[in-house]
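**Q** Starting off with a structure, shown below.
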Amino acid sequence: MTSEKDLSGSASEIPERITPSFRPAQIEKTAPCQVGCANCGDIRGWIGMVAQRHKTGLAREEALEKAWRLLADVNPFPATLGRICPHPCESHCNRSELDEPLAINAMERFLGDFGIQNALPLPRARGIEAKEWVGVVGAGPSGLSFAYQMSRRGYRVTVYDAREKAGGMLRFGVPDFRLPQEVLDAEIQKILDLGVELKLNTRVGTDISLEEVRSRHSSLYLGIGAQMGRGLPVPGGEGSSVWTGSDYLARINSGEPVDIGSRVIVVGGGNSAVDAARCARRGGAEVTILYRRSRDEMPAISHEVEDALEEGIELVLLASPLSIQRDAQGNLTGVEVQRMSLGPPDSSGRRRPLPVEGSEFTLEATAVIAAIAQIPVLDGLESLDHEGDWLVPNADGSTGGDVQVGGDAVHAGIAGEAIIQGRLAAEALHARLRGIEPGKVEATGLPEIRPDKVRFASKVGSEAVHTPMRPAGDRIAAGMAEVSGTITENQFLAEVERCYSCGTCSGCEQCFMYCTSGCFTRLEEPRPGMYFTLNLDQCKECGKCIEVCPGGFLQATAPSV
Amino acid sequence: MSPLTQKSVADSFSDFVESEEKDFTLRDGSRIAVVGGGPAGSFFTYFLLKMAQAIDLDIEVDIFEPRSFKYCGPAGCNHCGGIVSESLVQTLAAEGIVLPRSVVQRGVESYVVHMDVGDVAIESPVHERRIAALYRGNGPREGCDVELESFDNYLQEMVKGLGANIVPQLITGVENHDDRPFLKYGDGKGERYDLVAMAAGVNSNLINMLGELPGDYEPPKTTRGYICEFRSTKEEIMRILGRAVHVFLLDIPRFEFAAIIPKGQFVTVVMVGEDLDQELVHTFLNDPVVRRTFPTGATPCVCSCSPLINLGARKRPYGDRVVMIGDSGITRLYKDGIGAAFRTGKAAATSAIFHGVSAKDFEKHYWPTCRNIVNDNRVGKVMFATNAIMKNSRITRKAMLRMAQKEQQKDQARPHMSTLLWNMFTGSAPYVEMFRGTLHPGFIYNLMLSLGAALVPGKKAVQPRKKVA
């Protein structure tokens, strides 16, 4: 093998450039948590603000304040949403591939409470003195979010609400044991502190005409929600002891007594149904939730359903009411129920429930709460309703002219979505009134960073922090007292460490340390997301920096020739 | 910590007088940080924990290594050609560190020296002195489908089994806080330790960023290497390269040294030189001598690097409660870096456990091991310089070839040139030992003879032995 003869003509041509090129570039990506939900602001940013405080030289307190401000910049209700949001952000977290997603919701709640305890004022935008006076109909999450975003930009804002207190469904639809009124009050007060005027007990359309409100304000935002519960369309469904979920919850949340007897059937599978059931249970009744599809299709937050079951509430699935049974005096005695089976998916993507013939049975009951759907109350607003459809706004909430709309009035969803719509509408209106380009709204256009680009080995595995819960056995006795708690500051500080800062620089220093060609230079004033400058003059193109980057911020560019 | 309350690192590390009055022994509960989880860090930890166990000392060892050696490609690699001498493998076995087959790809039986004047295969001169190939990380970027185990990861798992904690945290500096070394973490935090062993090698900038250190303490001098991986089939690699490491002594401008190492279905090309660039790499790989030694259809893997190679030692690789081991401290010139990591790691651990962790203790009990390496490297430098001169002349190249070829053919009792070349390439023996060999009258006589023969034109060259076809 050592002579030339044995080896004649063995090798193929060695290409001119045999070193594969791995020239790095610093390219920010969208973190998946933000893809999951845009309402917690720059989630990666506010986590990084605290997690990287040692690098940016921020004191703990200072870092927490800045984080709160980043969060409150887009969402004035962090303490509120930290309690009731189903947190779709968490289900997108790349860390789920390693162990558990970050407890973003619990962290949001901590920061929200931190903002309340420290009486942090909501951040104002600087330098604008606007003459316009904008009106908002409905002091729910959507309307207040809009009011906040306009007021902080220097606009005079007046919010009208039909009820005696502000908050909308947050106040009247969510029971106190999930969201104490003091928490909601404190966050609403921060918005009012900016100078927002609140006109309560004023239903636009009846107490004051739409035309009058329109003429008063240069622009109007409608966040009237969907306050009216749909009744039960079955024989016997009208009459005493049958409540809609929204009526029942509104009364409970207003402290009014409701006589529901000892055996309550709640119809529906959403959060209102579960909330109503849990309230009824706290009133001492035996409670059964009747839902026509299976557990998987229930729109309610999964852990709320768990909590309800822990509290002794019975769940009857694949069952639908056929009629309400009453005795000779008209007193409710029970519900005739029919078994269902699941057919092919319907337009909502969920499997359609189909009645099973001959499967009827009767459940005893003293009251029925139907929490099946809610629709907007349009009294006096009919002129805005086109041909029976409720307004269909553009993405920025505009409907043409001077009216914008958002929140449940458009499409029933979670409070977080209503807050987003209020903010987007405000940003769009502000841009229009000031004649400026609409700011970068939601989509940054950056690619999302998937778990395959995250170097999980750069952190040790660890369990996520969990929101502390009152033991199930104590909850009913505790009545309307809150069932969950807020994580401690130490837990919060530990949880932020779990974040990989997917798609941006967390200043881990590995690229800087392992590049022996001096391509990376430390910034004198680093900030979360940017710690180094990059100069490729001496780059050996080995790609090590790219591969050690924990969050996939560095990526290979096209080869240099 | 505000800068005002910190003493400069230099103040404390050089403070020998003060160190006499302090307690510099490790005690129960002492915390030791090892910066870098490569072989030096693992060997040091291995001996530290074993020795502590032997004297019933309860210590805590944290190894700081942010990278995982389980990754394929540069993220999990510690950049070297991956040749260890069989003597090291056996020394490790004698210490209880038995490397499994998946880690060490044994079976390298010879070196083939390629020159423009001809090739010569050098069989291992003494039977035990075989060599083995291994991957430091988990193989090249595209090699994840191949069953091989990372050497560095194997050692790390071993010390983890002994109770060491692996902390995936980058260290960005060492300061002195209240007479204890304080490690600064990449995330901006940090912690104090009773002893810090720096095993960060030379391919991280940490060693250059340690700030002010005592007077004669300086980062090692380095040169660049170039390593790239090619992929072919096992059969083709066996056919062309056999069970041999191929070394090239070629007269290409700026060219210093290169080797081609077969590793299963991969071929590692290693080049060393001050002035390496793409052009030189290309010229080398297209040289006719190299071309005939290259597997057909070998495709470049997307894996190459230009690592730094330790050339000069730190003069004093230690201070109070700080000790440098492996490439961060003293290592052998060009060769056998893992062997040096083993020896320095063991010596530093011995000093720390049985003597103390002051600069004085390390001076007395650690430095002698380092000094031996340093002295040997001086001899090595002379030998490499001589070799460089010899390889640059066609006549001396011919003489070397002739002498080695004759030795290999005759199974001579004293194969001087072969032993010399073998040891120079493998790093199996100290340079001093090799140098002594060159002073042997037999070596000089045979070299003169070969030189004379090389000067006579037209004389028939000795046919090289055909060993592996």
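The values are calculated or read from the model by the stated rules, or taken from the named source; none is laboratory data. Bear in mind the structure is a predicted one, so any value in this text is a computation, not a measurement. Methodologically, a virtual Cβ is constructed for each residue, glycine included, from the backbone with ideal geometry; neighbour enumeration extends over all protein chains shown.
**Q** Do we find a residue being modelled with pLDDT of 85 or more, within 14 Å of another protein chain (Cβ to nearest Cβ) and surrounded by 21 or more Cβ atoms within 10 Å (Cβ to Cβ) anywhere in segment B:94-112?
**A** Looking through segment B:94-112, at least one residue is modelled with pLDDT of 85 or more, within 14 Å of another protein chain (Cβ to nearest Cβ) and surrounded by 21 or more Cβ atoms within 10 Å (Cβ to Cβ).
**Q** Can you find a residue that is crowded, with 21+ Cβ neighbours inside 10 Å, in contact with a strand residue (DSSP E or B) (Cβ under 6 Å, 6 or more places away or on another chain) and within 12 Å of another protein chain (Cβ to nearest Cβ) anywhere in segment B:207-220?
**A** Scanning segment B:207-220, I find no residue that is crowded, with 21+ Cβ neighbours inside 10 Å, in contact with a strand residue (DSSP E or B) (Cβ under 6 Å, 6 or more places away or on another chain) and within 12 Å of another protein chain (Cβ to nearest Cβ), so the answer is no.
**Q** Out of (1) at the interface with chain B (Cβ under 10 Å from one of its Cβ atoms); (2) closer than 28 Å to A:ARG60 by Cβ, the odd one out for A:ARG498 is which?
**A** Checking A:ARG498 against (1) at the interface with chain B (Cβ under 10 Å from one of its Cβ atoms); (2) closer than 28 Å to A:ARG60 by Cβ, the one that fails is (1).
**Q** Which pairs do you get when a residue that is within 15 Å of A:TYR160 (Cβ to Cβ), found in segment A:375-395, comes within reach of a residue that is of a type in the set (S, T, N, Q) and modelled with pLDDT of 65 or more, reach meaning Cβ atoms under 6 angstrom, with the pair 6+ apart or on two chains?
**A** The qualifying pairs are A:VAL377/A:GLN227; A:ASP379/A:THR206; A:GLY380/A:THR206.
**Q** Looking at segment A:67-95 only, could you name the residues that are in a helix (DSSP H, G or I) and closer than 25 Å to A:ALA457 by Cα?
**A** Answer for segment A:67-95, where residues must be in a helix (DSSP H, G or I) and closer than 25 Å to A:ALA457 by Cα: A:CYS89, A:GLU90, A:SER91, A:HIS92, A:ASN94, A:ARG95.
Residue-by-condition table, conditions (1) more than 14 Å from chain A (Cβ to nearest Cβ); (2) among the aromatic types (Phe, Trp, Tyr); (3) without any contact (Cβ under 8 Å) to a residue 40 or more places away in the chain:
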| site | (1), (2), (3) |
| --- | --- |
| B:ILE260 | no, no, yes |
| B:ASN286 | no, no, yes |
| B:PHE294 | no, yes, no |
| B:LYS315 | yes, no, no |
| B:ASP320 | yes, no, no |
| B:ALA341 | yes, no, no |
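**Q** Within segment A:414-422, identify whether any single residue is part of a loop (DSSP other than H, G, I, E, B), within 15 Å of the chain's Cα centre (by Cα) and at pLDDT 85 or above, and answer yes or no.
**A** Yes, that holds for at least one residue.
**Q** State all residues of segment A:517-554 that are away from every other protein chain (no Cβ under 14 Å) and under 33 Å from the mean Cα position of the chain (by Cα); if no residue qualifies, say none.
**A** Those that are away from every other protein chain (no Cβ under 14 Å) and under 33 Å from the mean Cα position of the chain (by Cα): A:GLY529, A:MET530, A:PHE553.
**Q** Given (1) at pLDDT below 85; (2) within 13 Å of another protein chain (Cβ to nearest Cβ), where does B:LEU280 come up short, assuming only one miss?
**A** (1)
**Q** Among the helices (runs of 4 or more DSSP H) confined wholly to segment A:221-319, which include 3 or more residues that are surrounded by 16 or more Cβ atoms within 10 Å (Cβ to Cβ) and touching a Cys at 6+ places or on another chain (Cβ under 8 Å)?
**A** A:245-253
**Q** Further, regarding this structure: Test each condition in (1) within 30 Å of A:VAL50 (Cβ to Cβ); (2) away from chain A (no Cβ under 14 Å); (3) of a type outside the set (A, V, I, L, M, F, W, C) for B:GLN265 and report the one that comes out false.
**A** Unmet condition: (1).
**Q** Among the residues of segment B:276-313, how many are under 27 Å from A:ALA556 (Cβ atoms), buried (at least 20 other Cβ atoms within 10 Å of the Cβ) and hydroxyl-bearing (Ser, Thr, Tyr)?
**A** Number of matching residues: 2.
**Q** For segment B:246-324, give me every one of the strands (runs of 3 or more DSSP E) that falls completely inside it and has 3 or more residues that are farther than 30 Å from B:ALA347 by Cα.
**A** B:257-263, B:266-272, B:299-305
**Q** Now, a different point. Among the residues of segment B:174-189 satisfying the criterion of being part of a strand (DSSP E or B) and more than 10 Å from every other protein chain (Cβ to nearest Cβ), which is modelled with the lowest pLDDT?
**A** B:ASN176
**Q** Moving on. I'm trying to understand the selection: among the residues of segment A:523-546, which are out of contact with any strand residue (DSSP E or B) (no Cβ under 8 Å at 6 or more places or on another chain) and charged (D, E, K, R)?
**A** Across segment A:523-546, the qualifying residues are A:GLU524, A:GLU525, A:ARG527, A:ASP537.
**Q** For segment A:1-54, give me the residue count where each residue is within 14 Å of another protein chain (Cβ to nearest Cβ), at pLDDT below 90, more than 27 Å from B:LEU276 (Cα to Cα) and crowded, with 24+ Cβ neighbours inside 10 Å.
**A** 1
**Q** With the requirement that a residue be buried (at least 19 other Cβ atoms within 10 Å of the Cβ), at pLDDT 90 or above and part of a loop (DSSP other than H, G, I, E, B), what does segment B:141-167 give you?
**A** Correct list: B:ALA164 only.
**Q** Would you be able to tell me the number of residues in segment A:458-478 that are surrounded by fewer than 15 Cβ atoms within 10 Å (Cβ to Cβ) and within 14 Å of chain B (Cβ to nearest Cβ)?
**A** Residues in segment A:458-478 being surrounded by fewer than 15 Cβ atoms within 10 Å (Cβ to Cβ) and within 14 Å of chain B (Cβ to nearest Cβ): 2 in total.
**Q** Continuing with this model, one more query. If I filter segment B:168-182 down to residues being touching a residue at least 40 places away in the same chain (Cβ under 8 Å) and under 17 Å from B:VAL357 (Cα atoms), which single residue comes out as surrounded by the fewest Cβ atoms within 10 Å (Cβ to Cβ)?
**A** That would be B:ASP179.
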